[in-house]
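The values are calculated or read from the model by the stated rules, or taken from the named source; none is laboratory data. Please read these numbers as outputs of a predicted model, since none were measured by experiment. Glycine gets a Cβ as well: all are built from the backbone with ideal geometry, and neighbour counts include every protein chain shown. Side chains are part of the model used for accessible areas, which takes the heavy atoms of the whole protein and leaves out ligands, DNA and RNA. Shrake-Rupley method; radii C 1.70, N 1.55, O 1.52, S 1.80 Å.
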Amino acid sequence: MTKDEKEHYRKVAELGCSLCRHQGNEGTPCELHHIRRAGKRSNAPVIGLCPYHHRGSNTGIHGMGRKRFEREYGITEETLHAQTLGLLNVSA
Ligand SMILES: [Zn+2]
Ligand SMILES: [Zn+2]
């Protein structure tokens, strides 16, 4: 991991859970979730998700699976990622 990536991850983590934010609760302490994208492995996009929305068996993206997660919460990983970058003023 490069220094820049480390710095980026730190800033993403500081924003808190991206889904809690989407639901109107800012700054929930979060873990970093790596978005799986086809293609390039470098610069893997990350979003912040709280343990509940990250690993919860019926509430988290890993427990539910991405499709169900996106249907349930009405927002996609990619949109959460775009919002995260927007908040950090970084282009995708
Ligand atoms: Zn959350
Ligand atoms: Zn994850």
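Hey, if we sort Lys3, Lys67, Lys11 by accessible area with the 1.4 Å probe, largest down, what's the order?
Numbers: Lys3 175, Lys67 150, Lys11 90 Å².
The residues order as Lys3, Lys67, Lys11, largest area first.
For the chain, which cysteines have no second Cys with its Cβ under 4.7 Å from theirs?
By the Cβ distance rule, which asks for a partner under 4.7 Å, no cysteine is left isolated.
Summing -39500 (n - 2.57) over the DSSP H runs of n ≥ 4 in the chain and dividing by its residue number, what mean residue ellipticity at 222 nm do you reach, to the nearest 500 deg cm²/dmol? Mind showing how you got there, number by number?
Details: 6 runs with 47 residues, N = 92.
The helix-only estimate for the chain comes to -13500 deg cm²/dmol at 222 nm.
Give the relative contact order (percent, whole number) for the chain; include only Cα pairs under 8 Å separated by 6+ residues. Please report the intermediate quantities before stating the final value.
On the way: 121 pairs, mean separation 20.5, N = 92.
Rounded, it is 22 percent for the chain.
Taking Lys11 as the anchor, which aspartates and glutamates have their alpha carbon closer than 15 Å to its alpha carbon, excluding any fewer than eight residues away along the same chain?
Of all the aspartates and glutamates, those that pass the test against Lys11 - Cα under 15 Å, at least 8 places apart if same chain - are Glu26, Glu31.
Express the accessible area of the chain per residue in Å², computed with a 1.4 Å probe while the remaining protein chains stay in the model.
Ligands and nucleic acids excluded, the figure is 64 Å² per residue.
If you roll a 1.4 angstrom probe over the protein chains with everything in place, what fraction of the accessible area of the chain belongs to carbon and sulfur, to the nearest %? Don't skip to the answer; put the middle values down first.
Details: 2850 of 5880 Å².
On the chain, the fraction of accessible area on carbon and sulfur atoms equals 49 percent.
Taking the simple approach of a point 7 Å from Cα along Cα-to-Cβ for both Glu5 and Val90, what is their distance in nm?
Going from the Glu5 label point to the Val90 one covers 1.2 nm.
Between Gly48, Gly16, Gly74, which gets the highest mean-square fluctuation from a Gaussian network model of the chain, Cα cutoff 10 Å?
Taking springs between Cα atoms under 10 Å, the residue moving most is Gly74.
Helix 77-88 versus the longest principal axis of the chain: what angle, 0 to 90°, nearest 10, using Cα atoms?
Value to nearest ten degrees: 50.
If the elastic network links every pair of Cα atoms under 10 Å, which of Thr79, Thr59, Thr28 fluctuates the most in the Gaussian network model of the chain?
Ranking Thr79, Thr59, Thr28 by mean-square fluctuation puts Thr79 first.
Hey, in the GNM for the chain with a 10 angstrom Cα cutoff, which one of Glu77, Glu14, Glu31 fluctuates hardest?
For the chain, modelled as a Gaussian network with Cα springs under 10 Å, the answer is Glu14.
Need the full-extension length gain, Arg55 to Arg36, defined as separation in residues times 0.36 nm minus the C-alpha distance. One decimal, nm.
Extra length from Arg55 to Arg36 when fully extended: 5.3 nm.
If I model a spin label as a point 7 Å beyond the Cα along the Cα-Cβ vector, how far apart are those points for Asn25 and Ala44 in nm?
Going by the 7 Å Cα→Cβ label model, 2.7 nm.
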